[in-house]
Amino acid sequence: LADANGAQLRDDYEWSFSTPAPQVLATTPADGARLVPPRATLALTVSLPLALESLRATLVFSPAIAGDLAATTLPDGRQLITLAPAGQLLAGTTYTATLPAGVAPAEGTLPLVQPVRWSFTTAPQPGLTARFPGEGQTLPRDQEIRLVFNTPMDRAAVQAALRLVPPATGLRVTTGDAEVRIRADLSAATVYTLTVPAELPDRNGI
């Protein structure tokens, strides 16, 4: 290589550099997430596309999750990797996912450098944890019946499923995640039986 006067460099100059290696940017569910729906689709967002076959061979879930792994390249060059479980995930279970370093890129020579490990917990089997009034207690005048569950409940599903004997008009249900409040036009000096059927699903469909 010569300068403007024709004088050449005395020695070769050679150095190397690299462009960024792929890295995991986000996971769905997020690490530490709780009350994850049992039918949730799992996802990874990666800065650069990974080779799908290398990914299939290295991504491990404990307990194991069977399903179809798919990858989509986003317009900005990132890659969205999704796993749709073949069946419903176990209720009230903590899953741990591990993606080791060394996963091959779809293009280039630098593999995934940093290993990734994250965990999430699925929603538990729904259960009624508290109620007011309790068995045999008296509901004070103008007070609401309150039910507390261990998972978020769907208002419409609760309203459709509840059974009150003897029946009462004006049954109204409101929900605040796991708490359910019930109002009705109740008769004075009457013993009521409220039944929450076993087939009542929570907000996740369990």
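The values are calculated or read from the model by the stated rules, or taken from the named source; none is laboratory data. Remember, predicted model here, so these are calculated numbers, not experimental data. Because the Cβ atoms are built from the backbone with ideal geometry, glycine has one as well, and the counts that use them run over all protein chains shown. Ligands, DNA and RNA are excluded from the accessible area calculation, which covers all protein heavy atoms including side chains. Shrake-Rupley method; radii C 1.70, N 1.55, O 1.52, S 1.80 Å.
Summary of computed values
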read-out: Residue within region 22-43 that is over 22 Å from Phe120 (Cβ atoms) and of a type outside the set (Phe, Trp, Tyr) present; value: yes
read-out: Residue match in region 95-111 (condition: closer than 30 Å to Pro152 by Cβ, open to solvent by 70 Å² or more (accessible area, probe 1.4 Å) and modelled with pLDDT of 95 or more); value: no
read-out: Of residues in region 68-81 being open to solvent by less than 40 Å² (accessible area, probe 1.4 Å) and not aliphatic (A, V, I, L, M), the one modelled with the highest pLDDT; value: Gln79
read-out: Region 83-94, subset outside any strand (DSSP E or B) and in contact (Cβ under 8 Å) with a residue 24 or more places away in the chain, residue surrounded by the most Cβ atoms within 10 Å (Cβ to Cβ); value: Leu89
read-out: Residue within region 55-62 that is within 17 Å of the chain's Cα centre (by Cα), more than 17 Å from Leu80 (Cα to Cα) and of a type in the set (S, T, N, Q) present; value: yes
read-out: Residues being assigned to a loop (DSSP other than H, G, I, E, B), hydrophobic (A, V, I, L, M, F, W, C) and open to solvent by less than 40 Å² (accessible area, probe 1.4 Å) - total across region 123-172; value: 4
read-out: From the options Ser18, Ser47, residue that is loosely packed, with under 15 Cβ neighbours inside 10 Å, of a type outside the set (Val, Ile, Thr) and farther than 17 Å from Ser119 by Cα; value: Ser18
read-out: Search result, residues across region 23-42 that are part of a strand (DSSP E or B) and either open to solvent by less than 20 Å² (accessible area, probe 1.4 Å) or more than 18 Å from Arg78 (Cα to Cα) (or both); value: Ala33, Arg34, Leu35, Val36, Leu42
read-out: Residue match in region 106-113 (condition: of a type in the set (S, T, N, Q) and not in a loop (DSSP other than H, G, I, E, B)); value: no
